[in-house]
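To start, the structure under review is shown below, and the notes come after it.
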Amino acid sequence: MTHLFVFCFALPLLLFASADRSGAAEPEARAVKYRLGEATVWAIADSLGDRQMNVFAGADPEALKRYAPSGASPSAIMVFAVQIAGSTILIDSGLGAVGGERASRLPAGLARAGIDPAKVELVLVTHMHGDHIGGLLRDGQRAFPNAVVKIGRIEGDFWLSDRSMAADPSRKANFELARQVAKAYAGALEYFEFGDEPAPGFLAVDAIGHTPGHTAFLLESGGERLFFIGDLLHAAALQFPRPDINASYDMIPEMAAAARRRLLERAVRERLPVAGMHLPFAGVGRVEDAGEGGFAYRPWSD
């Protein structure tokens, strides 16, 4: 089978990092390398774990039974690092937890990829939920001291708005985290609009629905393309065949479902491989039309 990628590294590497402050060993690195034209793409797990179906409350019970009979779907929190034209760019930063069962594997994954956090020049943010911006901070300080952080204008305006926070107190912790990130990266926080090129080779694509300014990024290098689809899906086993089903995390449900279908149809039509932040590790695969309004996902290992 012919692929757009040259698959360079098939098996996840294990790397035991130093102990955290609690004295427990940090999680091992999980990182996979791909070539995309003239770019190197690292798929790095921030954490691994199944997605429980209780986040799809109200979904068609027959669909849940058919596509996720165990009550869970393999998932992850993924971060992608792109090395291109001498620059290192991250797509999101994961949750960044320093302990517990979701303790971040990102520092070990970056080390496995030979990436010094101080050498990361740019972080592109798909959206400002905590499991995408939490890793920007370490002990309240910049985890990537020399990086510029770029966020969609609509997304930033929402999460940094006092009016938005007052209107949605249930998300207070996330609003406060967004402010902590903005404060830590003061002078290094920039905004883009949909249709902009926030970095050479990257196009910002409207994926509004999961959040008010949710962004996908289309990367092109050497005539090859990769579609970073952010949180378009949270449970691959369920939402590829049933793209109409939203997770409770989707803040504007009707728009989230419409964006999911629109961007998955584009991936099929243009034969774009996709990289998703909650697809099963290593988060990269192909989308196919499965008929009857559904899609099929083929992980890169297939």
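Read-outs: derived from the displayed coordinates by stated rules, not from any lab. Predicted model only: the values in this text are computed from it and were never measured. Virtual Cβ from ideal backbone geometry, glycine too; neighbours counted across all protein chains shown.
Tally Lys/Arg at +1 and Asp/Glu at -1 over every other residue whose Cβ is under 13 Å from the Cβ of residue 200; what's the total? Can you show the working numbers first?
Working: positive: 150; negative: 38, 121, 196, 197, 220.
Residues close to residue 200 contribute a combined charge of -4.
In deg cm²/dmol and to the nearest 500, what is the mean residue ellipticity at 222 nm of the chain if only DSSP H runs of at least 4 residues count, each as -39500 (n - 2.57), divided by the residue total? Mind dumping the intermediate values first?
Values: 8 runs with 65 residues, N = 302.
Rounded to the nearest 500, the figure is -6000 deg cm²/dmol.
Provide the FRET efficiency to the nearest 0.05 for the residue 244-residue 111 pair, computing r from the beta carbons and using R0 = 30 Å. It would help to have the intermediate numbers written out before the result.
Details: r = 41 Å, r/R0 = 1.36.
Calculated transfer efficiency: 0.15.
Fully extending the segment from residue 85 to residue 60 would add 4.3 nm, taking 0.36 nm per residue of separation and subtracting the current Cα-Cα distance.
Here the label points at residue 119 and residue 28, each 7 Å from Cα along the C-beta direction, are separated by 2.5 nm in the simple model.
If a spin label sat at a point 7 angstrom from the Cα of residue 191 along the line to its beta carbon, the backbone N atoms of the range 145-162 nearer than 14 Å would be those of 150-162.
Considering only 215, 103, 287, the residue lying farthest towards the positive end of the dipole of the chain is 103, judged by Cα position with unit charges set on Cβ. Gain on full extension, evaluated as 0.36 nm per residue between residue 179 and residue 268 minus their Cα-Cα distance, stands at 28.3 nm.
The gain in end-to-end length when the residue 168 to residue 292 segment is fully stretched comes to 40.9 nm, 0.36 nm per residue minus the alpha carbon separation.
So which trypsin sites (Lys or Arg not before Pro) in the range 189-265 pass both tests, a DSSP loop state and at most 12 other Cβ atoms within 10 Å of the Cβ? Walk me through the intermediate numbers first.
Details: sites: 225, 260, 261, 262; in loops: none.
When the trypsin sites (Lys or Arg not before Pro) of the range 189-265 are filtered for loop state and at most 12 Cβ neighbours within 10 Å, nothing remains.
Annotation for the range 178-199 versus the range 42-113: alpha-carbon center distance of 22 Å. Candidate values (1) 16.9; (2) 23.2; (3) 15.2 were compared with mean projected area of the Cα convex hull in nm² computed on the shown model; the agreeing label is (3).
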